[in-house]
Amino acid sequence: MVGATAAYAFVMSGVGREVVLVDLNPKRSLAEAQDITHAVPFANPLRIFSGEYQDLAGCKVVIVAAGVGQKPGETRLQLLERNAAVFAQVIPAILRYASNTILVIATNPVDVMTHMAAHFASKYGLPKSRVIGSGTTLDTARFRSLVGELVGVDSYHVHGYVVGEHGDSEVVLWSQTNIGSVPLLDFCRSRGIALTQEKMDEIGLRVRKAAYTIIEGKGATYYGIGSALVQISRVILKNETSLLTICSPQEEIAGIKDVTVSMPLLFNADGVLDMLPIPMSQSEYHQLNHSAAVVRKAIESIPLE
């Protein structure tokens, strides 16, 4: 559903010119491609078709949504062992034909799967800077939306980040959240809005638990992440230089070495350019250290050959 929804979002947004769907079940990818193609006359002129790995030759971006789905009540990290075997086959198959692409990983647990994808990709000469996980782009969007509702401002003008693991240990950087250029607490004081610790905790919980609620109700999440994947791809395809809370392997984050968790990363058509330093409170730093340690432990639990 994530791959197909992303393809549909490409058509609706007019990003790209050609999208090929590759799936273990070719009947499914053919059906999805045909269905999405029927939306093209109502939207934007993209070519959508079902293909095989060799059809990925020349692709500037390959979105990887392969893997088993998250079960109700299952954490993202519990998915790890089941999805590791899938990537051992899929990543090499992609890079045999699209050797200089940028891999955009959507499979959960996305932090660990991105780290794993970079490991497999390195054997084919693809730099880790060209392996990008969707990370907490969706969590950040959820956070900005909820803060916007609270303070009565369009979320476009809410500037704040969710960093760390895309999951239960993720960190909301309240100390760096602004409305426009005004710090959130100052904005709330000037507008007579009571921003209590209870409200902040509630928003943080809603951000972290959003996927669980959606999965319980409809079995999977795909609209939000599909849109996030298109936004990431837009930056690459149009060679913009953007700052999003994506993930890519880093030498060190919050004192944890060789780990992949989301931070505000600068990237463009060449891949990740830099991890920008972002101020945070001491409490937020400790939370990020814990989050990175959780992911590092998960990485170590899967032996990579």
Original post:
Which of the residues spanning segment 129-152 are under 21 Å from Ser175 (Cα atoms), assigned to a helix (DSSP H, G or I) and not hydrophobic (A, V, I, L, M, F, W, C)?
Top reply: Thr137, Asp139, Thr140, Arg142, Arg144, Ser145, Gly148, Glu149
**OP:** Quickly run through segment 254-305 and pick out the residues that are over 26 Å from Lys123 (Cα atoms), polar (S, T, N, Q) and surrounded by 12 or more Cβ atoms within 10 Å (Cβ to Cβ).
**Re:** Ser281, Gln287, Asn289, Ser291
Subject >> Single condition Pro26 does not satisfy, out of (1) under 24 Å from the mean Cα position of the chain (by Cα); (2) closer than 20 Å to Ile91 by Cα >> reply: (1)
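Does segment 278-293 hold any residues that are under 14 Å from Val261 (Cα atoms) and of a type outside the set (Ser, Thr, Tyr), and which are they? So that I can check it myself, show each step before the final result.
Narrowing segment 278-293 to residues under 14 Å from Val261 (Cα atoms): 285, 287-293.
Once the filter is applied, which keeps residues that are under 14 Å from Val261 (Cα atoms) and of a type outside the set (Ser, Thr, Tyr), segment 278-293 yields Gln287, Leu288, Asn289, His290, Ala292, Ala293.
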Original post:
Given the structure, is Gln70 touching a residue at least 60 places away in the same chain (Cβ under 8 Å) and either under 22 Å from Gly51 (Cα atoms) or outside any helix (DSSP H, G or I) (or both)?
Top reply: yes
Original post:
Which condition breaks for Cys188 when tested against (1) touching a residue at least 40 places away in the same chain (Cβ under 8 Å); (2) assigned to a helix (DSSP H, G or I)?
Top reply: (1)
Original post:
If you go through segment 184-204, how many residues are among the β-branched types (Val, Ile, Thr) and within 16 Å of Leu173 (Cβ to Cβ)?
Top reply: 1
Original post:
Across segment 73-95, what is the number of residues that are surrounded by fewer than 19 Cβ atoms within 10 Å (Cβ to Cβ) and modelled with pLDDT of 95 or more?
Top reply: 2
Original post:
Quick one: would you say Arg82 is part of a helix (DSSP H, G or I), under 25 Å from Ile302 (Cβ atoms) and among the basic types (Lys, Arg)?
Top reply: yes
**OP:** Could you tell me whether Thr221 is in a helix (DSSP H, G or I) and either outside the structural domain of Thr114 (by TED's automatic domain parsing) or modelled with pLDDT under 95 (or both)?
**Re:** no
Original post:
Only one of these conditions is not met by Ala98: (1) at pLDDT below 95; (2) over 28 Å from Tyr285 (Cα atoms); (3) among the small types (Gly, Ala, Ser). Which number is it?
Top reply: (1)
**OP:** State whether the residues of segment 157-165 include one that is surrounded by 24 or more Cβ atoms within 10 Å (Cβ to Cβ), part of a helix (DSSP H, G or I), out of contact with any Leu (no Cβ under 6 Å at 6 or more places or on another chain) and not β-branched (Val, Ile, Thr).
**Re:** no
Subject >> Single match in Glu198, Glu202, Glu170, Glu216 (criterion: buried (at least 17 other Cβ atoms within 10 Å of the Cβ) and not polar (S, T, N, Q)) >> reply: Glu170
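Picking from Ser29, Ser50, Ser13, which residue would you name as being outside the structural domain of Ser291 (by TED's automatic domain parsing), modelled with pLDDT of 95 or more, within 25 Å of Ala210 (Cβ to Cβ) and small (Gly, Ala, Ser)?
Numbers: Ser29 fails: within 25 Å of Ala210 (Cβ to Cβ); Ser50 fails: within 25 Å of Ala210 (Cβ to Cβ).
Every option except Ser13 fails the conditions.
The values are calculated or read from the model by the stated rules, or taken from the named source; none is laboratory data. Model, not experiment: these values are computed from the prediction. So basically every Cβ, Gly included, is an ideal-geometry build from the backbone, and we count neighbours across all protein chains shown.
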